[in-house]
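Q: To start, I am sharing the structure in question, which I have written as structure tokens.
The values are calculated or read from the model by the stated rules, or taken from the named source; none is laboratory data. For clarity, every value in this text was computed on a predicted model and none was experimentally measured. As a convention, Cβ positions derive from the backbone with ideal geometry for all residues, glycine included, and neighbour counts pool all protein chains shown.
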Amino acid sequence: MTTYITTPIYYVNAQPHLGHAYTTVVADTYNRFNRLCGHDTRFQTGTDEHGDKIAEAAAREGVQPKEYVDRISAMFRETWPLINVKHDNFIRTTDANHISLVQTVLQDVYDKGDIYFDVYSGLYCNGCERFLTEKELVDGKCPDHQVAPKQITEQNYFFRMSRYQQQLVDHIHEHPDFITPERYRNEVLSFLSEPLDDLCISRPKSRLTWGIELPFDENFVTYVWFDALLNYLTGIGYPEGEMYRKYWPVAEHLIAKDILKPHAIYWPTMLMSMGLPLYRKLHVHGYWNIDDSKMSKSIGNVVRPDELVGDFGVDTFRYFVLREMSFGLDASFSNEAIVDRKNSDLANDLGNLYSRSVAMVKKYAGGIVPEPGATSDDDVELLQVVAKALEEYRENMSVFQFSRGLTAVWSLVGYANKYIVKNEPWSLAKDQTKKERLNTVLYNLLESLRILAMVLKPVMPGTAAKMAQGLGYEEENEMVSLFDTGGKWGQLRSGQLLMDIDPLFPRVDKKEQQKKNNGKKPKKETADGCVEGLIPFEQFQSVELRVAEITAAEKIAKSDRLLKLTVRAPEERTIVAGIAEHYSPEELLGKQVMIVANMKPAKLMGVISQGMVLAARTEVEGKEKLILSTVMGEAQPGDRVA
Ligand SMILES: [Zn+2]
């Protein structure tokens with residue numbers, strides 16, 4: 001069998017966050033799972049680098065778009081090894097090969113008559129980088145960006161998407177697993193029950209230059225989606241070559257639900273126009289909410305993959321996201337939930353099973369895999385549990401039901417722990433006549449661990465490798481890396497020597513973890529419902545900011561930095577400010593500044609300061625510069641600032 005899995009190519013207007021990491025871990029796990037099943041596999045990810053938003057972001061930073069995309073794309077590329085993601089190809093839409101193929105496809109589709117030129121007047125959302133229909137608006141605004149789209153009239157090129165509407169509907173009906181889970185298939189069919197508009201696929205260069213030029217009109221660049229979607233083909237050598245022939249017929253795309261429409265409608269109709277077979281499957285997942293609220297920059301709760309790995313370890317992160325999210329639905333992420341999973345499922349259940357079993361083999365069998373004897377009823381039951389777990393694991397993992405697949409695996413972990421308690425190896429060890437039974441029990445435990453090491457390889461590659469090594473296997477030994485061979489019971493050889501490894505999952509102390517997080521970026525909710533790092537209005541109100549007029553200023557002896565200011569706010573007070581290097585006393589006279597009026601008095605160089613002057617801290621030619629804050633119009637000394 002052959003499989004080809006892709007993630008979306010990520011838009012480089014943002015740095016990698018939990019959402020990107022989840023999609024990529026899912027693709028990596030699926031890819032590794034297929035390899036475990038002996039398939040010939042390919043896994044592609046990459047970055048999407050053209051379009052309005054990129055040009056804007058680059059302009060904001062005052063750099064060329066290419067310089068900007070190089071930097072952000074590198075951040076994605078550097079993130080994946082941190083979460084043990086091993087892709088076969090990382091494609092960039094600024095790659096020369098991709099650009100030239102996009103132009104070839106545009107020309108082909110144009111020559112076929114599927115691209116036409118027209119005047120268009122529509123509602124354009126900058127955030128979406130596309131025209132919206134009236135129907136899509138909520139209260140006149142783009143529901144995703146909460147802004148009213150701009151009315152734009154311009155000449156553009158259009159792709160005859162409508163021509164392929166019926167063909168697409170038929171395809172979806174004939175291939176029930178073309179879009180999964182079913183809710184998204186239904187969403188697409190419902191959308192397709194209305195007449196489909198043609199797709200505007202150009203942007204005039206007068207408005208945007210950062211894109212791929214249309215081969216048939218140099219005054220336009222192509223719409224970012226027409227460019228980006230083609231990566232799935234250009235990354236495997238389309239239109240020719242072994243890779244393209246081998247992998248395109250089995251292509252499976254993985255996306256988050258926000259980009260359903262481009263993948264379920266634009267892309268298949270583009271492929272139809274190109275005369276190519278459609279991809280085989282589209283897998284759609286939901287969103288991660290952080291502590292039950294949407295992850296967003298403005299709330300300040302964006303979770304970065306590198307921080308998670310630093311806090312919890314790669315494998316805990318991978319296990320958590322795969323176990324916690326029912327594929328297709330939204331799920332909730334919190335530090336507490338991840339610590340709970342780590343302590344219970346990983347440290348307690350799996351970690352203990354491993355360490356107890358291995359410790360007993362060392363103690364009672366000299367650290368060597370013993371020879372099993374006759375089989376008891378308990379053993380038969382264990383074998384049934386193993387067989388069932390393996391079957392459910394394989395079934396669910398192959399259809400993106402990772403949470404169920406792992407639940408099946410943990411039913412084996414749970415049963416094996418019970419098997420220890422039931423059989424009491426420590427009691428068997430006290431009775432010489434029960435030596436054979438003891439050996440059987442120990443063997444069965446080790447064999448269960450071997451099977452666990454094998455099935456966990458796609459999910460927690462590092463942990464699986466450690467477990468395998470502890471059992472005396474090289475990482476790539478078929479007994480722990482190939483389902484068909486290793487999935488059979490009784491493969492572990494008696495006489496094999498166990499190896500020492502570090503504990504699989506050192507427990508995370510919840511209090512320690514909280515302490516660590518408190519010293520860090522805002523993320524968690526506090527008891528009063530506020531996100532840490534953000535303050536409630538009441539707290540802001542407790543700071544008394546006022547307008548003050550400077551009536552006198554003088555240098556403080558023996559200090560280069562400090563000025564003694566006399567201000568009216570409206571009462572007269574003295575404030576010591578560290579601005580002597582930035583302002584002369586003379587230029588401050590009569591100026592209005594903003595002060596913190598209810599600050600505890602403090603003595604600085606012998607002078608009592610009754611408040612604090614606010615200033616912006618900036619940098620000019622590499623040197624720090626303070627700029628006093630003031631009000632824009634005439635205010636009365638003592639006016640409250642709020
Ligand atoms: Zn929008």
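Q: Among the residues that make up region 156-172, is at least one of them modelled with pLDDT of 95 or more and within 26 Å of residue 326 (Cβ to Cβ)?
A: yes
Q: From the list 595, 608, which residue is in contact (Cβ under 8 Å) with a residue 12 or more places away in the chain, β-branched (Val, Ile, Thr) and more than 16 Å from residue 549 (Cα to Cα)?
A: 608
Q: What number of residues within region 563-572 satisfy the criterion of being modelled with pLDDT under 90 and touching a strand residue (DSSP E or B) at 6+ places or on another chain (Cβ under 8 Å)?
A: Total satisfying the criteria: 1.
Q: When residues of region 109-140 are filtered for being over 30 Å from residue 76 (Cβ atoms) and either of a type outside the set (A, V, I, L, M) or assigned to a helix (DSSP H, G or I) (or both), how many remain?
A: 16
Yes/no matrix, rows are residues, columns are (1) more than 20 Å from residue 233 (Cα to Cα); (2) of a type in the set (Lys, Arg); (3) modelled with pLDDT of 95 or more:
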residue: 4; (1), (2), (3): no, no, yes
residue: 7; (1), (2), (3): no, no, yes
residue: 15; (1), (2), (3): yes, no, no
residue: 28; (1), (2), (3): no, no, yes
residue: 36; (1), (2), (3): yes, no, yes
residue: 50; (1), (2), (3): no, no, yes
residue: 55; (1), (2), (3): yes, no, no
residue: 68; (1), (2), (3): yes, no, yes
residue: 81; (1), (2), (3): yes, no, yes
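Q: Out of everything in region 179-199 that is acidic (Asp, Glu) and exposed (fewer than 15 other Cβ atoms within 10 Å of the Cβ), what residue ends up being nearest to residue 399 (Cα to Cα)?
A: Among residues in region 179-199 that are acidic (Asp, Glu) and exposed (fewer than 15 other Cβ atoms within 10 Å of the Cβ), the one nearest to residue 399 (Cα to Cα) is 182.
Q: Please work out which residue is nearest to the chain's Cα centre (by Cα), limiting yourself to region 125-157 and to residues that are within 12 Å of the ligand (Cβ to nearest atom) and within 17 Å of residue 220 (Cα to Cα).
A: 129
Q: For a quick check of your reading: which strands (runs of 3 or more DSSP E) sit entirely within region 1-105 and have at least 2 residues that are more than 30 Å from residue 391 (Cβ to Cβ), of a type in the set (S, T, N, Q) and in contact with a helix residue (DSSP H, G or I) (Cβ under 8 Å, 6 or more places away or on another chain)?
A: In region 1-105, 40-48 are the strands (runs of 3 or more DSSP E) which contain 2 or more residues that are more than 30 Å from residue 391 (Cβ to Cβ), of a type in the set (S, T, N, Q) and in contact with a helix residue (DSSP H, G or I) (Cβ under 8 Å, 6 or more places away or on another chain).
Q: Oh, and also: Go through region 159-211 and give me each residue that's assigned to a helix (DSSP H, G or I), among the aliphatic types (A, V, I, L, M) and farther than 18 Å from residue 274 by Cβ.
A: 169, 172, 188, 189, 192
Q: Taking residue 169 and the conditions (1) within 13 Å of the ligand (Cβ to nearest atom); (2) under 20 Å from residue 260 (Cβ atoms), which numbered condition does it fall short on, given that it satisfies the others?
A: If we test residue 169 against (1) within 13 Å of the ligand (Cβ to nearest atom); (2) under 20 Å from residue 260 (Cβ atoms), just (1) comes out false.
Q: Which fully enclosed strands (runs of 3 or more DSSP E) of region 240-334 have 1 or more residues being modelled with pLDDT under 95 and of a type in the set (A, V, I, L, M, F, W, C)?
A: 288-290, 331-333
Q: Continuing with this model, one more query. Do any strands (runs of 3 or more DSSP E) lying entirely in region 580-642 carry at least 1 residues that are of a type in the set (Ser, Thr, Tyr), and which ones are they?
A: Qualifying strands (runs of 3 or more DSSP E): 607-609, 615-620.
Q: Can you tell me which residue in region 92-124 is farthest from the chain's Cα centre (by Cα), limited to those that are free of Cβ contacts under 8 Å to residues at least 60 places away in the same chain and within 16 Å of the ligand (Cβ to nearest atom)?
A: The extreme case among them is 123.
Q: Moving to a separate point now. Between residues in region 301-314 that are in contact (Cβ under 8 Å) with a residue 12 or more places away in the chain and residues that are of a type in the set (S, T, N, Q) and surrounded by 19 or more Cβ atoms within 10 Å (Cβ to Cβ), which pairs lie under 6 Å by C-beta distance while being six or more apart or on different chains?
A: Sorted first by the residue in region 301-314, then by its partner, the pairs are 305/79.
Q: Restricting to region 430-461, give me the number of residues that are closer than 23 Å to residue 484 by Cβ and touching a residue at least 40 places away in the same chain (Cβ under 8 Å).
A: 17
Q: Here's something else I'd like to know. Return a yes/no flag: does region 169-179 have any residue that is in contact with a Pro (Cβ under 7 Å, 6 or more places away or on another chain) and either among the polar types (S, T, N, Q) or under 26 Å from residue 10 (Cα atoms) (or both).
A: no
Q: OK, next. Please enumerate the residues belonging to region 588-629 that are within 42 Å of the chain's Cα centre (by Cα) and loosely packed, with under 13 Cβ neighbours inside 10 Å.
A: Result: 616, 617, 618, 619, 620, 621, 622, 623, 624.
Q: On to the next question. Search region 411-436 for residues being surrounded by 15 or more Cβ atoms within 10 Å (Cβ to Cβ) and among the β-branched types (Val, Ile, Thr), and hand back the single one that is farthest from residue 357 (Cα to Cα).
A: So, considering only residues that are surrounded by 15 or more Cβ atoms within 10 Å (Cβ to Cβ) and among the β-branched types (Val, Ile, Thr), the one farthest from residue 357 (Cα to Cα) is 413.
Q: Okay, moving on. Scan region 213-226 for residues that are in a helix (DSSP H, G or I), closer than 10 Å to residue 51 by Cα and not aliphatic (A, V, I, L, M) and report the count.
A: 1
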